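The block underneath contains the structure these notes are about, expressed in C-alpha cells.
Rule-based calculations on the coordinates, nothing more; no lab input. Note that the structure is predicted; figures quoted are calculated from it, not measured. Reconstructed Cβ throughout: ideal geometry from the backbone, glycine too, with neighbour counts over all protein chains shown.
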Amino acid sequence: MLGMLDRGDFLQCAFVIPKGAAEKVRQRGLEAFRADIVELAPLLKDRVTELRSWDDIKLLTVKVDRLREWYRPGLLCIGDAAHAMSPIGGVGINLAIQDAVAAANRLAGPLRTGQAGIEVLADVQRRRMFPTRATQRMQILAQNKLLGRVLSSRELPTPPLPMRLMSRFPLLQRIPGRIVGWDSVPSTLPHRTWAQQRQRERPQKWAKADIGARTRKPASALT
Ligand SMILES: Cc1cc2nc3c(=O)[nH]c(=O)nc-3n(C[C@H](O)[C@H](O)[C@H](O)COP(=O)(O)OP(=O)(O)OC[C@H]3O[C@@H](n4cnc5c(N)ncnc54)[C@H](O)[C@@H]3O)c2cc1C
C-alpha cells in the first residue's frame, strides 16, 4: 500500500509494510523496491530514481502508546515524548502543538512567580489526556478495520463509503481536517492578555498617532 500526500512542491510518500518486514524489503534490493512503488503508482515511474540509496528511505516504525505520567519534578514531556502516534491521519504535529499551547498557557503564570510545582505539570497532562486517548483510539480503529485488511490482501480493496464520498466531493475532505484540528478544550492563547501585552509594548508614538486618528475630524468637516 502506498500513501501519497501532495505537499505543494513535492509528494510525501508512505510505503506501508507489515511490522518487522523492513529487513526483508531491504534484502530484495532497491531495484525491487522501486518496482513495487511503480506497480502501485505508475505515475511515479520517472521519479523513483530519486531513491538512490536506502538512506533516502526513512523507516517509521509505527507505535501507538503513551507515558503513564508525563512529568517528574522539573520535567514535563509533551508531543512525541509523551505519546507516540500512528501516522494515520497525520496528526502527530497537531497534537504536539496543542500540547505545547496548553503547557504554555498553564505554565506561564506559575513560572513567572516560581510556583510551577508538580501539580501544575499534572494539570497539563490531565488537560491533554482526553484528546490524546481519543485520537489514539480512532487511529487503532482505522488500523484494525481498514489498514489491517488492506495489508493482508493483494486485492485492490474498495474504499469505505466515507472515503469514496470524499474523493467524489473534495469539499467533504474539510470534515476530517476539522476533526483532527478540533480540541475538546480549545488551546488558544489568551487573546485579552496578548492584546494588553501588545498595548503595553507598543511604542508611545504609535499610541499617540492612534489617538490622533481617532480624534481627527472627517475631511468633510475641515474648511
Ligand atoms: C517520516 C515521518 C513523517 C511524518 N509525517 C507526519 C505528517 O505528515 N503529519 C504529522 O502530523 N506528523 C507527521 N510525523 C510525526 C511528527 O513529525 C511528530 O509527531 C512531531 O514532529 C512531534 O513533535 P515533537 O515536537 O513532539 O517532536 P520532534 O518534532 O521530534 O521535536 C523534537 C526536537 O528535539 C530535538 N532533540 C532531541 N534530542 C535532543 C537533545 N538531547 N537535546 C536537544 N534537542 C534534542 C530534536 O532534534 C527535535 O528537533 C512524521 C514523522 C516521521 C518520522
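Residue farthest toward the positive end of the dipole of region 1-90, with Cβ of Lys/Arg at +1 and Asp/Glu at -1: which of W54, V16, A84?
A84
Can you list the HN-Hα couplings for region 135-145, worked out from phi with the Karplus curve (6.51, -1.76, 1.60; θ = phi - 60°), rounded to whole Hz and with x for Gly and Pro?
These are the phi-based 3J(HN,Hα) values: 5, 4, 5, 5, 5, 5, 4, 5, 4, 6, 7 Hz.
According to the square roots a ≥ b ≥ c of the eigenvalues of the Cα gyration tensor, what is the shape class of region 2-56, taking rounded for a/c under 1.5, prolate for a/b larger than b/c otherwise, and oblate for the remainder?
Working: a/c = 1.75, a/b = 1.45, b/c = 1.21.
Prolate is the answer for region 2-56, as a/c is 1.5 or above and a/b outweighs b/c.
Starting from the Cα of Q143, step 7 Å along the direction of its Cβ; do the same at I57; then give the gap between the two resulting points in nm.
Distance between label points: 2.2 nm.
My understanding is that a pair violates if its Cα-Cα distance is over 20 Å; which of K19/K45; K19/K58; K24/K145; K24/K58; K63/K145 do that in this structure?
In this structure, K19/K45; K24/K145 lie more than 20 Å apart at Cα.
For T132, T49, what ranking results if the residue with the fewest other Cβ atoms within 10 Å of its Cβ goes first?
Ordered from fewest to most neighbouring Cβ atoms within 10 Å, T132, T49 come out as T49, T132.
Starting from 0.36 nm per residue, how many nanometres of slack lie between Q12 and V101 once their C-alpha separation is accounted for?
29.3 nm
What are the ³J(HN,Hα) values, in whole Hz, obtained from phi via the Karplus relation 6.51 cos²θ - 1.76 cosθ + 1.60 with θ = phi - 60°, for each residue of region 48-57 in sequence order, with x given for Gly and Pro?
5, 5, 5, 7, 8, 8, 5, 5, 7, 10
Could you work out how far apart the two model spin labels at V150 and E119 are, taking each label as a point 7 Å from the Cα in the direction of the beta carbon, and quote it in nm?
According to this spin-label approximation, the distance is 4.8 nm.
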